[in-house]
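Structure, as structure tokens:
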Amino acid sequence: MPNLNIVLVEPEIPQNTGNIARTCAVTGARLHLVGPMGFTPEDKKLRHAGLDYWNFLTLTYYDSLSDFFAKNTGAFYFFTTKAENRYTDVSYPDNCYLFFGKESAGLPERLLFENPEHCVRIPMMDSARSLNLSNSVAIGVFEALRQWDFPELSCKGELRDFDWAAAKQQKPHSEFL
């Protein structure tokens, strides 16, 4: 399976990071947390938002962006509302890193300024400041996985109380229509 890396730079809200951890766990993406963070790894809100998915997660902590860049190389993509390129304009390679900034300020502007060709945005209304961080990460993760044809992910599901094969043979009707 190709490697996908999610990098959160100075996340502030534990519930967002917990939701992102769950997204990473169910998709096989690795999560990198760059400090300083607005919470501790033991925070109850963080743990609760991630539910019981923590054991499925590959998680690495870094003291700073300098610490992160000293330990990692690869294709880096910086998600920001300040970019000119759309996130769908990129072909995400194996072992790429999708960066997301803190909720109150995003990624450091110097980082963006020095890497304009790797800055991408999720289109949205001009009047809105930004999407929720965990929603933005989910959009980025699933775009990369879509491009890779969802490797090793289940692309079909089964109902608990009904059989899809039986439903295809019956005349369509429902009490809900």
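Every number here is computed from the coordinates shown, using simple stated rules; none is lab data. Being a predicted model, the structure only gives us computed values, none of them experimental. FYI the Cβ positions are ideal-geometry reconstructions off the backbone, even for glycines, and counts take in every protein chain you see.
Considering region 84-119 alone, what residues qualify as being in contact (Cβ under 8 Å) with a residue 40 or more places away in the chain and among the polar types (S, T, N, Q)?
Matches in region 84-119: T88, S91, N95, S104.
Would you mind stating whether F69 is without any contact (Cβ under 8 Å) to a residue 12 or more places away in the chain and farther than 30 Å from D149 by Cβ?
yes
Of everything in region 120-133 that's free of Cβ contacts under 8 Å to residues at least 60 places away in the same chain and in contact with a helix residue (DSSP H, G or I) (Cβ under 6 Å, 6 or more places away or on another chain), which residue is nearest to T80 (Cα to Cα)?
Once the filter is applied, the top-ranked residue is V120.
From (1) over 15 Å from A29 (Cβ atoms); (2) surrounded by fewer than 18 Cβ atoms within 10 Å (Cβ to Cβ), pick out the condition that doesn't hold for P93.
(1)
With the requirement that a residue be assigned to a loop (DSSP other than H, G, I, E, B) and not acidic (D, E), what does region 143-164 give you?
Selection gives W148, F150, P151, L153, S154, C155, K156, G157, L159, R160, F162.
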